[in-house]
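Working notes for the structure below.
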Amino acid sequence: MFWQACQPMSKADVEGAQALFVEPEQARQVHSEQCAVRPKVRGPARLASPERSQVELIAMDLESVLPSDHQARLVWGYVERQELSSLEDDIKARGSTPGRRAIDPRILFALWLYATLQGVGSGREIARLSRAHDAYRWICGGVGVNYHALNDFRSGNAKWFDELLSDNVAALAAIGVITLQRVAHDGVRVRASAGASSFKRRERLGKQLKLARQLVQTLKQQGVDDPGAASRREQAAREHAATQRQQRIEAALARLPEIEEAKRRNGAKVHDARASTTDAQASVMKMGDGGYRPAYNVQYASDCASQMMVGVEVSTAGTDMAQLAPMVEQVEQRLGRTPEQWLVDGGYPAHEQIDAVQHKTELYAPVPKPRQAKDKSAKDKGGDDGGSNGGGAQAAAPQAISALSEFEPKPGDSAAVAQWRQRMASAEARAIYKDRAATAECVNAQMRNHGLQRMPMRGLIKARATALLHALAHNLRRMMTLAPQLLRPATAPLGSIASLA
């Protein structure tokens, strides 16, 4: 230590020692000069980055994820008040018998109703949302669902959907929401789940059926001759696919006589009749855009005062001519009476249909204008001598035809048809008929907007189940505004229900 103290001081030490005895202002100046010369060192930025592999335990119940006035709660409140005993009777897991517990039918029905209100029509998508979306998770309440159970519930309960619709419209009519004073009836073409290339004529179907039967026999024989060539599961899958194709071709051949008869009535070539090997019940129809595609003709009848659906039917015919009387009879069966006035467009009033409903309701439909007879002399420009008599005769013919009114009774008209013509001549009838577009077209547009663009299933029965499910969801949407007392979930005040529609 002594030796270090005797050593001479360096230049830096001398400057540091002198700095201790300088004035404060001079010291600050020296410090600022040293800091200006010294480079600034910046470290890396401190960021809050996501750490998704960290395990978190979140204390949360499903009741807290949805507000008290959420639409899913209203759907559940509606489902809880429905009679589902007929669905529970088919459940085999009972008491102490072995077997897995069945999914509550209320969960499946509520999921389909809520999904239809949201425009979701796929069972796989609903199964995914039941794990990822809070509203669907709340409806499930911890119960796992799969797309097989969802699709089977929708396709297998068309009859129950129809009975439920009858009960609902009867309850709405009892409290005065449905008045049945005026009903609008219209159809909407819905694309079928079949391609245009799947339609074959009789000769082609016969050849494909022969090949399909041979394939089924070959697969069965392979399973007998060499059981170890494929696993039992693979062999069963192949035989099932071949058998399903054979059954679809047989169904197409069974449908051909109906299509041939329709072509015979329309004066078309019977040889051109074709049926689909994918969906035998689908028919090629003229769509709204003017094109022709496989589709189903979905018929809806709605109350004009409330826009509630009171009738649903699905037809394989591409025309509406024969749909009037069956729908009037269906509404009468559901509600015990028929509406006072029935509004349809120009595609419905066939004369036999008007006669069938004359004692049940008052029909309002546009009257077609009479067809003008073709003047053969007009085609032959050189057929006359150019005199005034010939030209006057040709000019008088259109005037005579235009003088005929479509509202006047025609020879061969029945009493009901004559009354319909005279009724539509009045200004009051034209004013009443304006409610048709305001009701029927609005309802059809809402069906389109909520997913009724294409049938997700094949077959007339399954298509009808889809149409009925959309009708139930539509009526539920209207009930949120017009009859909230029929929902009234326990977790939501009455005043908050009407604000959701």
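The values are calculated or read from the model by the stated rules, or taken from the named source; none is laboratory data. Quick caveat, the model's predicted, so the values are computed rather than measured. Cβ: placed from backbone, ideal geometry, glycine included. Neighbour counts: every protein chain shown. These area figures cover heavy atoms from the full protein model, side chains too; ligands, DNA and RNA do not enter into them. Shrake-Rupley method; radii C 1.70, N 1.55, O 1.52, S 1.80 Å.
Would you confirm, using the coordinates I've provided, whether ALA252 is within 30 Å of ALA317 (Cβ to Cβ) and in a loop (DSSP other than H, G, I, E, B)? No, not satisfied.
How about the range 274-294: which of its residues are in contact with a helix residue (DSSP H, G or I) (Cβ under 8 Å, 6 or more places away or on another chain), open to solvent by 10 Å² or more (accessible area, probe 1.4 Å) and in a strand (DSSP E or B)? Answer for the range 274-294, where residues must be in contact with a helix residue (DSSP H, G or I) (Cβ under 8 Å, 6 or more places away or on another chain), open to solvent by 10 Å² or more (accessible area, probe 1.4 Å) and in a strand (DSSP E or B): SER283, VAL284, ARG293.
Please go through the range 146-174 and give me each residue that is within 16 Å of GLY123 (Cβ to Cβ), surrounded by fewer than 15 Cβ atoms within 10 Å (Cβ to Cβ) and under 20 Å from the mean Cα position of the chain (by Cα), ordered by number. Answer for the range 146-174, where residues must be within 16 Å of GLY123 (Cβ to Cβ), surrounded by fewer than 15 Cβ atoms within 10 Å (Cβ to Cβ) and under 20 Å from the mean Cα position of the chain (by Cα): HIS148, ASP152, GLY156. Checking the stated criteria, VAL216 turns out to be assigned to a helix (DSSP H, G or I), in contact with a Ser or Thr (Cβ under 9 Å, 6 or more places away or on another chain) and either more than 24 Å from MET457 (Cβ to Cβ) or among the small types (Gly, Ala, Ser) (or both). Between a first residue in the range 320-345 that is open to solvent by 70 Å² or more (accessible area, probe 1.4 Å) and a second residue that is among the aromatic types (Phe, Trp, Tyr), which pairs have beta carbons less than 7 Å apart while being 6 or more apart in sequence or on different chains? Matching pairs, first to second residue: MET321/TYR348.
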